[in-house]
Amino acid sequence: MSNQENIESSHPSWQEIEKAIINVLRAGVFYKKDKNKGFMDSYKKQLDELRQSEDPDQYIIDKAIDLLPNEETYNTKINAYKTSYYKDYPRINSAIKIN
């Protein structure tokens, strides 16, 4: 099995992505976030786009490439999380592997 096949077979399914988005939205509702502003609106749009796409598996790959097109962009976003107000939360620190 080639390295490319390992990468392709290791990505989450669109159903897992859909479930994660729904869980984020449920958390937002739990914390009484405005459903039509900020991250709630963004995640609702992502869920709608995922459900309306002709090929959901290809949609999640394309979306990932749009969000993180290269290593430099990835590192920039991770560094932004490291310096954000989340830095005091151990679970988030372990999720983004802050050194």
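The values are calculated or read from the model by the stated rules, or taken from the named source; none is laboratory data. Please read all numbers here as calculations on a predicted model, not as lab measurements. So basically every Cβ, Gly included, is an ideal-geometry build from the backbone, and we count neighbours across all protein chains shown.
Only one entry of Leu67, Leu25 meets the criterion of being surrounded by 13 or more Cβ atoms within 10 Å (Cβ to Cβ), free of Cβ contacts under 8 Å to residues at least 24 places away in the same chain and on the phi < 0 side of the Ramachandran plot, and that entry is Leu25.
Candidates are the residues of segment 22-73 that are under 17 Å from Pro12 (Cβ atoms) and of a type in the set (Ser, Thr, Tyr); the one that is nearest to the chain's Cα centre (by Cα) is Tyr43. Criterion applied to Glu8, Glu72 was being modelled with pLDDT of 85 or more, out of contact with any Phe, Trp or Tyr (no Cβ under 8 Å at 6 or more places or on another chain) and of a type in the set (D, E, K, R), and the one residue passing it is Glu72. Across segment 55-68, the number of residues qualifying as in contact with a helix residue (DSSP H, G or I) (Cβ under 6 Å, 6 or more places away or on another chain) and assigned to a loop (DSSP other than H, G, I, E, B) comes to 1. When the residues of segment 31-54 are filtered to those that are in contact with a helix residue (DSSP H, G or I) (Cβ under 9 Å, 6 or more places away or on another chain) and in a loop (DSSP other than H, G, I, E, B), the one that is surrounded by the fewest Cβ atoms within 10 Å (Cβ to Cβ) is Asn36.
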